[in-house]
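What follows is a single structure, written as structure tokens, with notes after it.
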Amino acid sequence: MFAVHNWTLTETNGQTKISVDESMEGFFAMLFKKSFNKNLEKGMQKWLDLLKQACEK
């Protein structure tokens, strides 16, 4: 399986906007597509929470 996550951080008026583009390829990505999509939002929120914690140190 091959996965790419591109995070783009953009500053506007003193605030940071984060957008994430994700793509997956391969047999397992195709086989478990529904499962991956189901958990995608939860996983992205986890990474955003970790990023926020690191930035606030």
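Read the figures in this text as sums done on the coordinates, not as results from a lab. Worth saying up front: this structure is predicted, and the values here are computed from it rather than measured. Here the Cβ positions follow ideal geometry from the backbone for every residue, glycine too, while neighbour counts run over all protein chains shown.
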Quiz item: Relative to the longest principal Cα axis of the chain, at what angle does helix 33-55 sit, 0 to 90 degrees, rounded to 10?
Solution: 20
Quiz item: Along the charge dipole of the chain, Cβ charges K/R +1 and D/E -1, which of M24, C55, N39 sits furthest on the positive end?
Solution: N39
Exercise. Over the chain, calculate the relative contact order: mean separation of alpha carbon pairs under 8 Å at least 6 apart, over the residue count, as a percent.
Key: 28
Quiz item: Once the piece of chain linking H5 and D21 is laid out straight, how much longer is it, given 0.36 nm per residue of separation minus the C-alpha distance between them?
Solution: 5.2 nm
Exercise. May I ask you to list the chymotrypsin sites (Phe, Trp or Tyr not before Pro) in the chain that are in a DSSP loop and have at most 14 other Cβ atoms within 10 Å of their Cβ?
Key: F32
Quiz item: Rounded to the nearest 500, what is the chain's calculated 222 nm mean residue ellipticity when only DSSP H runs of at least 4 contribute -39500 (n - 2.57) each, over all residues?
Solution: -16000 deg cm²/dmol
